[in-house]
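Shown next, in structure tokens, is the structure this report addresses.
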Amino acid sequence: MPETVLSPIGPDPMALLARSVSVIVGSADDARRPHLMRAVGFRLSEDRRRLMVLLTRGGAQEVLDDLRRNGRIAVVFSEPSTHRTVQVKGSDAVVSAALADDEQLAARYLERFIEEIAQLGFGAEVARTLLAHGGDLVAVHFTVEAAFEQTPGPAAGEPLAASGR
């Protein structure tokens, strides 16, 4: 019988990702200098093992260069209204062209983000400025190898328990 590979993203973190979250992608160059870029959308596979994040090609050059060189990626999902935060990591990131339906994915993400930050008193123009991409999207795909609680508090930094479904 084949062994079931558990996802590091269990039901509770999955519920967070289903809500309106801020998504930051991190990488590091060979000298371990960090680079960051705000994602403009994401998609998690049904088995929660593969993640795709959308970046703006023009603003993410250092991150994309790092990922092409070493494949190491960290992605932080944070709900601004609650500060609930999860980090996922992988080491096999691949940069590819965005697909035709990724533009709609980015548009849906923007609308959810507008609703989320409105709770904090920020207008839609803030979200539109932060997530502007002008159709210059690139996709980054990777296997989720580890996930961590990052909500401020005593459990921050703790690995999340793996889950089958």
Relative contact order %, the chain, counting alpha carbon pairs below 8 Å whose residues are six or more apart: 32 percent
Amide H neighbours of Gln150 at under 5 Å, excluding residues fewer than 5 places away on the same chain, with H built from the backbone geometry, are Thr85, Val86, Gln87, Gly157
Among residues other than Glu149 whose Cβ falls under 11 Å from its Cβ, what is the net charge (Lys/Arg +1, Asp/Glu -1)? -1
Which labelled figure in (1) 15.5, 53; (2) 15.9, 49; (3) 19.4, 73 is Rg and Dmax of the Cα atoms in Å, once derived from the coordinates: (1)
Let a ≥ b ≥ c be the square roots of the eigenvalues of the Cα gyration tensor of the stretch 103-164; is it rounded (a/c under 1.5), or, if not, prolate (a/b larger than b/c) or oblate? oblate
Sorted by average packing, counted as other Cβ atoms within 10 angstrom per residue and highest first, what order do 9-17, 80-88 take? 80-88, 9-17
Asserting the computed 222 nm helical MRE of the chain (DSSP H runs at least 4 long, -39500 (n - 2.57) per run, divided by residue count, to nearest 500) equals -7500 deg cm²/dmol
Ignoring ligands, DNA and RNA, please state the percent of accessible area on the stretch 1-86 from carbon and sulfur, probe 1.4 Å. 54 percent
Quick check for you: with a 1.4 Å probe and neighbouring chains kept, what is the accessible area per residue of the stretch 53-154, in Å²? 48 Å²
Excluding ligands and nucleic acids, what accessible area in Å² is computed for Thr129 using a 1.4 Å probe, to the nearest 10? 110 Å²
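The values are calculated or read from the model by the stated rules, or taken from the named source; none is laboratory data. Given the structure is predicted, the values throughout are model-derived calculations rather than measurements. Positions of Cβ are generated from backbone atoms using ideal geometry, with glycine treated the same way; all protein chains shown enter the neighbour counts. Areas reflect the complete protein model, heavy atoms only, side chains present, ligands, DNA and RNA absent. Shrake-Rupley method; radii C 1.70, N 1.55, O 1.52, S 1.80 Å.
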